[in-house]
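Student: Let me begin by handing over the structure; questions about it come next.
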């Protein structure tokens, strides 16, 4: 578990916040709030916490492991390629056995706030 919590000294996502719209049960505006090693997904409308995950990044790859929340992704790590350009973050699916997460995160574009 300790190895999962480590992250690159050149972390680009750590301590950043992004905004996007996701297709959940309804179209929902959310914030992605990256901490040192945690990721919180929070609704814009009422600040409800939808998901808490652990994350690590390495070589333009983002790995996400759900801790708690609304998806059915317990114990499943998803890996996504990420690219940041002009204050936009684009995630592209590499591998994720959790369709709850992969169906909403593949090709999502987030804007830095």
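Student: Answer yes or no: is there a residue in the stretch 57-75 that is in contact (Cβ under 8 Å) with a residue 40 or more places away in the chain, surrounded by 13 or more Cβ atoms within 10 Å (Cβ to Cβ), within 13 Å of the chain's Cα centre (by Cα) and farther than 16 Å from residue 11 by Cβ.
Tutor: yes
Student: Of all residues being under 15 Å from residue 61 (Cα atoms) and surrounded by 12 or more Cβ atoms within 10 Å (Cβ to Cβ) in the stretch 99-113, which is nearest to the chain's Cα centre (by Cα)? Just the residue, please.
Tutor: Restricting to residues being under 15 Å from residue 61 (Cα atoms) and surrounded by 12 or more Cβ atoms within 10 Å (Cβ to Cβ), the top hit is 105.
Student: Within the stretch 76-96, can you find the residues that are over 12 Å from the mean Cα position of the chain (by Cα), under 17 Å from residue 110 (Cα atoms), without any contact (Cβ under 8 Å) to a residue 24 or more places away in the chain and assigned to a strand (DSSP E or B)?
Tutor: 83, 85
Bear in mind these aren't lab numbers, they're just calculated from the coordinates by the rules spelled out. Only a predicted model underlies this, so the values are computations on that prediction, with no experimental measurement involved. Quick reminder, even Gly has a Cβ in these numbers, built from the backbone with ideal geometry, and neighbours come from all protein chains shown.
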